[in-house]
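The values are calculated or read from the model by the stated rules, or taken from the named source; none is laboratory data. Keep in mind the model is a prediction, meaning the values are calculated, not measured. All Cβ positions, glycine included, derive from the backbone under ideal geometry; neighbour counts span all protein chains shown. Surface accessibility is based on the protein's heavy atoms, side chains included, excluding ligands, DNA and RNA. Shrake-Rupley method; radii C 1.70, N 1.55, O 1.52, S 1.80 Å.
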Amino acid sequence: MRRKIPVIPCILFVIVLFLSSCAPRPQAFRPDQLEFDPLVFHVPQVDRIDLPNGIRLYLKEDHELPLVQVTAMVGAGSIGEPAEKTGLGSLFAAALRTGGAGGYSPDELDRILERQAANLSVATGTYATTIDLSVQASDLPLGLAVVADLLRRPGFAPERMELARKQIIEDIRRQNDLPSSIASRTLSRAVYGDHPLGRTPTVESVSSITRGELTDFHQRYFHPNNVWFAVSGDFDRKALLDLLDRQFGGWPRVEFAPQAIPPVQKSREPKVLAGDKTVPQTTILIGELGIDKSDPDLHSVRVMNYILGGGGFNSRLMREIRSNRGLAYSVYSYYQVGRRLPGPFIAGAETKSSSTLDVVETMRRIMAEMREEPVTDAELELARESLINSFVFAFTDTHDVVTQIMRLDFYEYPEGYLESFRDRVAAVSKEDVLRVAREHLNPESQKIVLVGDRAAFDNSLEALGIPVEAVSVEE
């Protein structure tokens, strides 16, 4: 028996469906049409205290997790290394971390840290040596005692020093495995010459360093009035100050001579430095001497570089070389703003051998165009907004906040640097960008480093019209 389907309900259903399809739909907005309230952000405040013996202390409590992070920074780094002792800073940091301290042997100190699940590291940079410690809040007294031992009573156990030396030498021997490592080393030397910023450790220089030179480095510079100390996390302020007094109160202030910082000389001679290595891709680095933190053009240079190559897919280099022409996966530029001396400007890319000179010439052409015509309104607006909005992400981690403010004081940044950063970026004009491009971007005197299969390049290097020098890839 066949089932009858009711007719009237079906007709009503069809009518309702038809009418609903004719009703106006909610208007769709594109992401760039959305409007938001202005971003409101205030730089976090940090408690700053000068201890009687000269230690500069930076504190910020954060009780979200039962952890405490400590950073002790000593004002001495690799900038003071003699040429024949290049690598002393790296060996010093490794021996300080692993060589025992305060009467504890290396193994005993490692066991103490392991039992407390503490994370301890030491690094020597250009201008400072830094000790970082992360411990559970309940282990803070023990953690501070370990940091105090490293600062005041390091062991530099000979067997651990020799182990660290072998590891550094092995790293040196393997540094030529990567074309990017060869290119970076070559560019630093080309930009800075024999200045400490242009040197890299060698097997000979690291082999010549003695334990006495490590202890001498410690005795010269490890004094309380040369220490900056940052603590963040789950601690009680008064209890912490009592602990610090217990560990460092008897450490006397000492008059000492700070490390000398030799000035750098800017080379205006262009040069192509070519390292011949049989690899399918060429590593390209183009560089010159850049700026330091005191340069009045600092904020305009940041905006200019964002448009040139610092803004990822929004930059001219990436848009032309990758998006439009597919010549490289990554292409970029940046100014490594120097804290005491000018840092380098570097533009880089990797491309297949057969497009090496094409990419080099395109990068140089885009840099030249930055000097010839003002950027567009859209480029300027995007660069300023991106730099201003990304600024807040530098303050997402409490300890990053504390150490950043500590470093600003250590490197003597001007008062209000953080607070005025966004206003200064917002004030950059198209005329400013053009002016700083003409002053700080100099394709006619830059150094060009190429590491790749020279026989497979798409043209002769001499076609660039710049003196060419072959560099060894086996140093």
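Among the numbered criteria (1) open to solvent by 10 Å² or more (accessible area, probe 1.4 Å); (2) out of contact with any His (no Cβ under 9 Å at 6 or more places or on another chain), which one does Gln69 miss?
(2)
Surrounded by fewer than 16 Cβ atoms within 10 Å (Cβ to Cβ), under 21 Å from the mean Cα position of the chain (by Cα) and either modelled with pLDDT of 95 or more or closer than 16 Å to Ala72 by Cα (or both): is that true of Ser121 in this structure?
Yes, satisfied.
Any residue in region 156-179 that is in a helix (DSSP H, G or I) sitting within a Cβ distance under 6 Å of a residue that is open to solvent by less than 90 Å² (accessible area, probe 1.4 Å) and of a type in the set (Gly, Ala, Ser)? List the pairs, counting only those 6 or more apart or interchain.
Close Cβ pairs satisfying both conditions: Arg160/Gly99; Met161/Ala95; Ala164/Ala94; Ala164/Ala95; Ile168/Ser90; Gln175/Ser181.
Select from region 169-183 the residues that are open to solvent by less than 30 Å² (accessible area, probe 1.4 Å) and in contact with a helix residue (DSSP H, G or I) (Cβ under 8 Å, 6 or more places away or on another chain) and list them in ascending order.
The answer is Ile169, Ile172, Asn176, Ile182.
To keep it simple, each residue is scored yes or no on (1) assigned to a helix (DSSP H, G or I); (2) at pLDDT below 95; (3) of a type in the set (Lys, Arg).
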residue: Val206; (1), (2), (3): yes, no, no
residue: Gln219; (1), (2), (3): yes, no, no
residue: Asn225; (1), (2), (3): yes, no, no
residue: Trp228; (1), (2), (3): no, no, no
residue: Arg246; (1), (2), (3): yes, no, yes
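Considering Arg424, Arg384, which residue is open to solvent by 70 Å² or more (accessible area, probe 1.4 Å), under 21 Å from Val337 (Cα atoms) and in contact with a helix residue (DSSP H, G or I) (Cβ under 6 Å, 6 or more places away or on another chain)?
Criteria check complete, one pass: Arg424.
What are the pairs, 6+ residues apart or on separate chains, where a residue within region 324-336 that is outside any strand (DSSP E or B) has its Cβ under 6 Å from a residue that is at pLDDT 95 or above?
These pairs meet every condition: Leu327/Ile321; Leu327/Thr351; Leu327/Ser355; Leu327/Val359; Gln336/Gly343; Gln336/Pro344.
State all residues of region 125-140 that are under 30 Å from Asp245 (Cβ atoms), in contact (Cβ under 8 Å) with a residue 24 or more places away in the chain and open to solvent by less than 60 Å² (accessible area, probe 1.4 Å); if no residue qualifies, say none.
Gly125, Tyr127, Ala128, Thr129, Thr130, Ile131, Asp132, Leu133, Ser134, Val135, Ala137, Leu140
Return yes when Ala456 is open to solvent by 10 Å² or more (accessible area, probe 1.4 Å) and at pLDDT below 95 and no when it is not.
No: the conditions fail for Ala456.
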